[in-house]
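Chemist: Before anything else, here's the structure in question.
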Amino acid sequence: MAKRSAPTPAAAALQAAGVDFAERSYHHDSAVTDFGQEAADALGVDPARVLKTLLVDDGSALAVAIVPVTGQVDLKAVAAALGVKKVAMADPRAAERSSGYVVGGISPFGQRRQLRTLVDTSALEHGTVLVSGGRRGLDLELAPADLVRVTDATTADIARA
């Protein structure tokens, strides 16, 4: 995969880490709120390869949960993987403040603060996966092993259909 310019902190972080990735741009329709499915459709890729980056809150800290757009995050499984009693979805404003990105464009890379990160194990089944590039209408395609390595993630079964 070819490296390109670094238009977002996410792409810059991957370049700095020496990761081979491809920028995949598409036109984002502002009326669409299912950002991951929109990316899969626009880019013509299997939606199981497109991952959404979600922030969760355990009451004292935020964490990142990365799951395929074909499913939902299992909050009980996330809590178990983080070793906490319970988590809830983070308030969207808190997620934006913490990550530096807008909802629908939150990338696991180049966030303002490095958060504990979980990646659903299903991501490892694919040669490459796509995650948000830091803005709506931009995904970054890379090997799932690089996603795990650069985010210092733990893999766990955290998605449900």
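The values are calculated or read from the model by the stated rules, or taken from the named source; none is laboratory data. Fair warning: this is a prediction, and the values are worked out from it, not measured in the lab. Reconstructed Cβ throughout: ideal geometry from the backbone, glycine too, with neighbour counts over all protein chains shown. We work out accessible area using only protein heavy atoms, side chains counted, and drop any ligands, DNA or RNA first. Shrake-Rupley method; radii C 1.70, N 1.55, O 1.52, S 1.80 Å.
Chemist: Please work out if Asp91 is over 23 Å from Ser25 (Cβ atoms), open to solvent by 40 Å² or more (accessible area, probe 1.4 Å), touching a helix residue (DSSP H, G or I) at 6+ places or on another chain (Cβ under 8 Å) and of a type in the set (Asp, Glu).
Modeler: Numbers: over 23 Å from Ser25 (Cβ atoms): yes; open to solvent by 40 Å² or more (accessible area, probe 1.4 Å): yes; touching a helix residue (DSSP H, G or I) at 6+ places or on another chain (Cβ under 8 Å): no; of a type in the set (Asp, Glu): yes.
So Asp91 does not fit the description; no.
Chemist: Val67: in contact with a strand residue (DSSP E or B) (Cβ under 6 Å, 6 or more places away or on another chain), part of a strand (DSSP E or B), open to solvent by less than 10 Å² (accessible area, probe 1.4 Å) and closer than 25 Å to Asp29 by Cα, yes or no?
Modeler: Details: in contact with a strand residue (DSSP E or B) (Cβ under 6 Å, 6 or more places away or on another chain): yes; part of a strand (DSSP E or B): yes; open to solvent by less than 10 Å² (accessible area, probe 1.4 Å): yes; closer than 25 Å to Asp29 by Cα: yes.
Judged against the criteria, Val67 is a match.
Chemist: Something else about it: Does the stretch 152-161 contain at least one residue that is open to solvent by 30 Å² or more (accessible area, probe 1.4 Å), under 23 Å from Ala16 (Cβ atoms) and among the acidic types (Asp, Glu)?
Modeler: Yes: one or more hits.
Chemist: Considering only the stretch 94-109, state which residues are of a type outside the set (Val, Ile, Thr) and either open to solvent by 30 Å² or more (accessible area, probe 1.4 Å) or over 13 Å from the mean Cα position of the chain (by Cα) (or both).
Modeler: The first filter runs over the stretch 94-109 and keeps only residues of a type outside the set (Val, Ile, Thr), leaving 94-101, 104-105, 107-109.
Scanning the stretch 94-109 gives Ala94, Glu96, Arg97, Ser98, Gly100.
Chemist: Something else about it: Starting from the stretch 122-143, take each residue that is free of Cβ contacts under 8 Å to residues at least 60 places away in the same chain and under 24 Å from Ala95 (Cα atoms) and list its partners that are surrounded by fewer than 20 Cβ atoms within 10 Å (Cβ to Cβ) and not charged (D, E, K, R), counting only C-beta distances under 9 angstrom and pairs at least six apart or across chains.
Modeler: Listed by first residue and then by second, the contacts come to nothing, as the list is empty.
Chemist: Scan (1) surrounded by 14 or more Cβ atoms within 10 Å (Cβ to Cβ); (2) in a loop (DSSP other than H, G, I, E, B); (3) without any contact (Cβ under 8 Å) to a residue 12 or more places away in the chain for the single condition Val84 breaks and write down its number.
Modeler: (3)
Chemist: Return the pair list, or none, for Cβ contacts closer than 8 Å from residues in the stretch 89-107 that are within 14 Å of Ser60 (Cα to Cα) and at pLDDT 95 or above to residues that are surrounded by 13 or more Cβ atoms within 10 Å (Cβ to Cβ) and not hydrophobic (A, V, I, L, M, F, W, C), at least 6 apart or on different chains.
Modeler: Here the result reads Met89/Asp57; Ala90/Asp57; Ala90/Ser98; Asp91/Asp57; Ala94/Asp57; Ser98/Gln111, each pair linking the stretch 89-107 to a residue that is surrounded by 13 or more Cβ atoms within 10 Å (Cβ to Cβ) and not hydrophobic (A, V, I, L, M, F, W, C).
Chemist: Here is a further query. May I ask you to list the residues in the stretch 117-149 that are farther than 17 Å from Leu55 by Cα and part of a helix (DSSP H, G or I)?
Modeler: Step one: filter the stretch 117-149 for residues farther than 17 Å from Leu55 by Cα, giving 121-130, 137-146, 149.
Within the stretch 117-149, Thr121, Ser122, Ala123, Leu124, Glu125, Pro144, Ala145, Asp146, Arg149 meet the criteria.
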